[in-house]
Amino acid sequence: MGNAKRAFLLSILAAGVLLVLLWWAPLRPARPPTGGALVVYCAAGLKGPVEIVARQYEKLCGVSVQLQFGGSGTLLSNLRVTGRGDLFLAADRSYLDLARGSNLVAEIIPLARLTPVIAVRQGNPMNVRTAVDLLRPDVKVGLANPDAAAVGSIARDLLQQAGMWAALEEKTRVFKPTVNDLANDVKIGIVDAAILWDATVSQYPELASVQVPELAPGNQEVTIGVLTSSTQPTAALQFARYLGARDKGLREFSRMGFEVVEGDAWAPSPEVVLFSGGVNRLAIEETIQRFEQREGARVTRVYNGCGILVAQMKAGQHPDAYLACDVSYLQDVRDLFCPATDVSETDVVMLVAKGNPKGIRRLADLGQPGLRVGVANAQQST
């Protein structure tokens, strides 16, 4: 999950790990995941693209996708009560972080970014140009409920910092639970202005955006999370990847005015190529198998001495991830990957026959006459 060319990263225990996401390649034709309908809790402001992408996915994969729309805050409250569903799609990353903190969400995948703006009718008949104009007595203002919708919470926080919230809250004519309700109020003239997401405004030809500096810091990340309550996490992850694929779901987000992440190309069964020092094999194999099962992916493992693997990479081979048995082997290929993460350590020891019949206790003992000693190639292994 990352920026350019990313969808998911391996979380595998080993000595040193560098992660890089290059491309996903399909291994086999798409297979409909087993199980029932996917239940997706989706922020109302994302309804436009998500509804279209869900119908496309249903036709392609034969999986029913049930969408439940509401404000991000309302949806999170419902999740805490019901503890059911497969995916949670919020307009603000903070709601996914709160859900993860409550052990409601496992994986989180970024999709796009949103910025709060002032929405007015086309032509801006009330000449609203600044945030201060919202306080004018002749301007009827509508806001999203801060406890129900992400943009309402963001607007409250930002305008409190600007010293405007108390006055604006007092004069606001309506508070609505979703951005779509609020957009319609502006559209039909119930209010003259409202604070909405930029992408929401772009979906209404009758509306126009006014960008103001007080709201600019409110740029937020749109993310989707796999719920820990999901009984079909592999199917949920597949839909989340489809939604975040640059040639599938993200096309619809972009078309509707969202600032999208780069994303990966869609593949129903992605392949990850892993280079790993041979010493790690027993420690990570079971974890890799669990990863493959949950992700619906295949991990192609290449085990060898780290020196040999580094030589292969310098010669032009490009794995998606590299688990080194010695951090020193990362230096020559550091520029090929994202920043390294240390995940474990191991001691270098001497191996002897069971019972230690030669009485080897220290390095000096290896010099005993007639002792046969084996060492790894210094250029190819730690």
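The values are calculated or read from the model by the stated rules, or taken from the named source; none is laboratory data. Because the structure is predicted, anything quoted here is derived from the model rather than measured. Heads up, the Cβs are rebuilt from the backbone with ideal geometry, glycines too, and the neighbour counts pull from every protein chain shown.
If only residues of segment 171-206 that are aromatic (Phe, Trp, Tyr) and touching a strand residue (DSSP E or B) at 6+ places or on another chain (Cβ under 6 Å) are counted, the one that is surrounded by the most Cβ atoms within 10 Å (Cβ to Cβ) is Trp197. Cβ-Cβ contacts under 8 Å between residues 6 or more apart (or on different chains), taken from a first residue in segment 40-59 that is hydroxyl-bearing (Ser, Thr, Tyr) to a second residue that is in a strand (DSSP E or B), are listed as Tyr41/Gln68; Tyr41/Gly70; Tyr41/Leu87; Tyr41/Phe88; Tyr41/Leu89; Tyr57/Val65. Give the residue that is farthest from Leu135 (Cα to Cα), with candidates limited to residues of segment 165-181 that are of a type in the set (A, V, I, L, M) and modelled with pLDDT under 95. That would be Val179.
For segment 170-193, the tally of residues that are within 33 Å of the chain's Cα centre (by Cα) and among the acidic types (Asp, Glu) stands at 2. Using the structure shown, decide if Leu75 is crowded, with 19+ Cβ neighbours inside 10 Å and under 21 Å from Arg294 (Cβ atoms). It is false that Leu75 is crowded, with 19+ Cβ neighbours inside 10 Å and under 21 Å from Arg294 (Cβ atoms). Close Cβ contacts (under 8 Å, 6 or more residues apart or on different chains) running from residues in segment 115-144 that are on the phi < 0 side of the Ramachandran plot and without any contact (Cβ under 8 Å) to a residue 60 or more places away in the chain to residues that are surrounded by fewer than 18 Cβ atoms within 10 Å (Cβ to Cβ) and of a type in the set (Asp, Glu) comprise Leu143/Glu169. Whether any residue in segment 34-45 is touching a Cys at 6+ places or on another chain (Cβ under 9 Å) and within 20 Å of Asp181 (Cα to Cα) is what I want to check. No - not one qualifying residue is present in segment 34-45. Summed over segment 236-253, residues that are surrounded by fewer than 22 Cβ atoms within 10 Å (Cβ to Cβ) and either assigned to a strand (DSSP E or B) or among the hydrophobic types (A, V, I, L, M, F, W, C) (or both) total 1. For Gln379, the requirement of being outside any helix (DSSP H, G or I) and at pLDDT below 90 is met. The one condition from (1) at pLDDT below 90; (2) in the same structural domain as Ser229 (by TED's automatic domain parsing); (3) on the phi < 0 side of the Ramachandran plot that Gly35 does not meet is (3). Within segment 297-323, being within 12 Å of Leu274 (Cβ to Cβ) and of a type in the set (Gly, Ala, Ser) holds for Ala297, Ala321. For segment 101-126, the candidate set comprises residues that are of a type in the set (A, V, I, L, M, F, W, C) and closer than 30 Å to Ala236 by Cα; within that set, the residue that is surrounded by the fewest Cβ atoms within 10 Å (Cβ to Cβ) is Ala106. The requirement of being at pLDDT 85 or above, at negative phi, part of a loop (DSSP other than H, G, I, E, B) and surrounded by 12 or more Cβ atoms within 10 Å (Cβ to Cβ) is fulfilled nowhere in segment 273-288; no residue meets it.
With respect to the conditions (1) within 30 Å of Tyr329 (Cα to Cα); (2) in contact with a strand residue (DSSP E or B) (Cβ under 6 Å, 6 or more places away or on another chain); (3) surrounded by 17 or more Cβ atoms within 10 Å (Cβ to Cβ); (4) not basic (Lys, Arg), Thr300 lacks only one, and its number is (3).
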